[in-house]
1. Name every residue in the range 8-21 that is assigned to a helix (DSSP H, G or I) and exposed (fewer than 10 other Cβ atoms within 10 Å of the Cβ), in order of residue number.
2. Can you work out which of the residues in the range 22-50 that are part of a helix (DSSP H, G or I) and in contact with a helix residue (DSSP H, G or I) (Cβ under 9 Å, 6 or more places away or on another chain) is surrounded by the most Cβ atoms within 10 Å (Cβ to Cβ)?
3. Please tell me if residue 53 is out of contact with any helix residue (DSSP H, G or I) (no Cβ under 8 Å at 6 or more places or on another chain), modelled with pLDDT of 80 or more and either at negative phi or part of a helix (DSSP H, G or I) (or both).
4. Might you check whether a residue that is surrounded by 12 or more Cβ atoms within 10 Å (Cβ to Cβ) and at pLDDT 90 or above occurs anywhere in the range 59-76?
5. With the requirement that a residue be within 21 Å of the chain's Cα centre (by Cα) and without any contact (Cβ under 8 Å) to a residue 24 or more places away in the chain, what does the range 23-39 give you?
């Protein structure tokens, strides 16, 4: 491993310490896991992101059934804000 010195805000430090305590690991381990999560989230290229988005399209069904929101989204948004 490479030794690294970082600076955290007091809030970040407090949250990281709390998370480490909750998980029963060191602060360093929480930071390593966080970096891994960040890197994994951005590891995919555009083709992989498009494939994931395409796979998700159409999988979620409105419990009210089919609606015209996609074609009349401006009116639907206005209705939602008017209450």
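1. Taking the range 8-21 and keeping what is assigned to a helix (DSSP H, G or I), we get 10-21.
Within the range 8-21, 10, 11 meet the criteria.
2. Of all residues in the range 22-50, those part of a helix (DSSP H, G or I) come to 22-23, 27-41, 46-50.
Subset that is in contact with a helix residue (DSSP H, G or I) (Cβ under 9 Å, 6 or more places away or on another chain): 23, 27-31, 33-34.
Numbers: 23: 11, 27: 14, 28: 14, 29: 13, 30: 19, 31: 17, 33: 14, 34: 12.
Across the range 22-50, the extreme among qualifying residues is 30.
3. Numbers: out of contact with any helix residue (DSSP H, G or I) (no Cβ under 8 Å at 6 or more places or on another chain): yes; modelled with pLDDT of 80 or more: yes; either at negative phi or part of a helix (DSSP H, G or I) (or both): yes.
When the stated conditions are applied, residue 53 passes them.
4. No, that holds for no residue.
5. Within the range 23-39, the first condition is being within 21 Å of the chain's Cα centre (by Cα), and the residues that meet it are 23, 29-39.
Hits for the range 23-39 are 23, 29, 30, 32, 33, 34, 35, 36, 37, 38, 39.
The values are calculated or read from the model by the stated rules, or taken from the named source; none is laboratory data. Here the structure is a predicted model, which is why all the values come from computation and not from measurement. Note that we place each Cβ from the backbone using ideal geometry, even for glycine, and neighbour counts take in every protein chain shown.
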